[in-house]
Amino acid sequence: MTNYIIRRLLLLIPVVIIITFGVTSLMRVVPGDPATLALGQQASEEDRERFREQYHLDDPLVVQYARWWGDVARGDLGTSVRQRTDVTAELRRRLPVTLEMLVLAVGFTVVLGIPAGVVAGIRRGSVFDYGVRLVSIAGLSIPSFWLALLFLTLPFIWFGYQPPLDRPGLFEDPLRNLERFWMPSFVLAVGAAAGVMRITRSAVLDVLRNDFVRTAYAKGLNERVVVIRHVARNAMIPVVTLFGLQIVGLFGGAVIIEQIFTLPGVGRLFLTSLINRDYPMIQGIVLFLAVVFMTINLLVDLTYAAIDPRIRYS
């Protein structure tokens with residue numbers, strides 16, 4: 001197990017380098033001059049040249065990339081060319097917003113997706129099963145941005161309600177904090193929960209066909225015991241695989257959801273940085289997300305052994 005984890009962590013290095021260099025290269029070919037966007041159209045060419053020299057934007061791409069990795073090795077992700085703030089400090093300030101929304105979204109995904117999928121698989125062909133399949137198809141089909149707009153406009157039209165715009169601390173005012181975050185988290189979780197419902201139902205149906213399930217029923221075990229001890233646990237491996245991918249997808253969905261609900265998180269910062277061609281900020285966010293995604297994939301692989309003791313890593 002230890003050797004496996006070490007190998008996976010070592011493989012993280014070339015993957016992160018490829019991802020960050022690819023994003024860095026693509027950003028340089030996207031139309032738009034960071035100096036013009038930062039200083040405005042009224043700035044003189046001398047001011048723009050001075051700006052490029054200050055942030056080393058006139059250096060070759062390879063030189064800029066190597067200098068950035070040198071700063072990263074010292075724990076410095078650079079300085080934003082648009083906001084003139086430290087990238088690390090900005091990420092530290094905005095990360096709690098995104099994490100709180102994602103934790104709630106993961107909670108909604110688990111609560112809505114897994115139990116509904118298990119029951120639908122156990123009660124195949126029932127009204128509940130057809131309802132779960134209909135809801136899951138609808139959840140996968142509805143775009144999250146459109147659903148977010150509905151959640152904002154319909155309650156206001158019908159009841160005159162709109163979510164609060166301030167963001168009180170979680171421990172300062174938990175109820176108002178939950179009121180601020182539950183709606184974007186639920187919208188973000190709808191698509192993920194729908195996918196988890198479908199894969200859980202399919203996995204449960206596959207497990208129910210196995211001989212050990214029929215043997216458990218023949219021994220007179222209670223249905224609840226059979227479902228929890230035998231069916232649900234053996235059906236969790238494909239669910240955990242999809243769940244890991246869904247968590248990664250939630251990070252991508254946060255870019256749009258944070259913008260719609262005006263949440264000052266990492267997703268909104270990433271979108272603003274793309275618009276403003278803020279290279280250091282983009283590279284810092286991409287590096288952070290690449291490490292997070294690779295860590296999630298590693299944790300998903302390690303979870304397999306906890307679910308099924310027969311799985312060994314050599």
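The values are calculated or read from the model by the stated rules, or taken from the named source; none is laboratory data. Everything numeric in this text was worked out from a predicted model, so none of it was measured. A quick note on method: Cβ atoms are made from the backbone with ideal geometry, for glycine too, and the neighbour counts reach across all protein chains shown.
Of all the listed residues (Pro174, Pro155), the sole one being loosely packed, with under 12 Cβ neighbours inside 10 Å and touching a Pro at 6+ places or on another chain (Cβ under 9 Å) is Pro174. When Val111 is tested against the conditions (1) more than 30 Å from Ala232 (Cα to Cα); (2) surrounded by fewer than 13 Cβ atoms within 10 Å (Cβ to Cβ), the lone failure is (1). For region 207-218, the count of residues that are modelled with pLDDT of 85 or more, among the aliphatic types (A, V, I, L, M), touching a helix residue (DSSP H, G or I) at 6+ places or on another chain (Cβ under 9 Å) and closer than 20 Å to Ile247 by Cβ is zero. Of the helices (runs of 4 or more DSSP H) contained entirely in region 142-244, those carrying at least 1 residues that are more than 30 Å from Met294 (Cβ to Cβ), charged (D, E, K, R) and free of Cβ contacts under 8 Å to residues at least 60 places away in the same chain fall at 174-208, 211-218.
Does region 257-294 hold any residues that are assigned to a helix (DSSP H, G or I) and of a type in the set (Lys, Arg), and which are they?
Within region 257-294, Arg268 is the sole residue that qualifies.
The residues listed here are Ala148, Ala216; of these, the one that is buried (at least 19 other Cβ atoms within 10 Å of the Cβ), in contact with a His (Cβ under 8 Å, 6 or more places away or on another chain) and farther than 17 Å from Val111 by Cα is Ala216.
Just one of (1) surrounded by 16 or more Cβ atoms within 10 Å (Cβ to Cβ); (2) modelled with pLDDT under 80 fails for Arg268. It is (2).
The helices (runs of 4 or more DSSP H) found entirely in region 1-113 that carry 1 or more residues being closer than 23 Å to Phe293 by Cα, aliphatic (A, V, I, L, M) and assigned by TED's automatic domain parsing to the domain that holds Val292 are 2-29, 61-73.
Name the one entry in Gly220, Gly284, Gly253 that is of a type in the set (Gly, Ala, Ser) and on the phi > 0 side of the Ramachandran plot.
Gly220
Can you confirm whether region 298-310 contains a residue that is crowded, with 16+ Cβ neighbours inside 10 Å and without any contact (Cβ under 8 Å) to a residue 40 or more places away in the chain? The answer is no; no qualifying residue exists.
Within region 219-260, being over 26 Å from Leu298 (Cβ atoms) and either outside the structural domain of Leu150 (by TED's automatic domain parsing) or surrounded by fewer than 16 Cβ atoms within 10 Å (Cβ to Cβ) (or both) holds for Lys219, Gly220, Leu221, Asn222, Glu223, Arg224, Val225, Ile228, Arg229.
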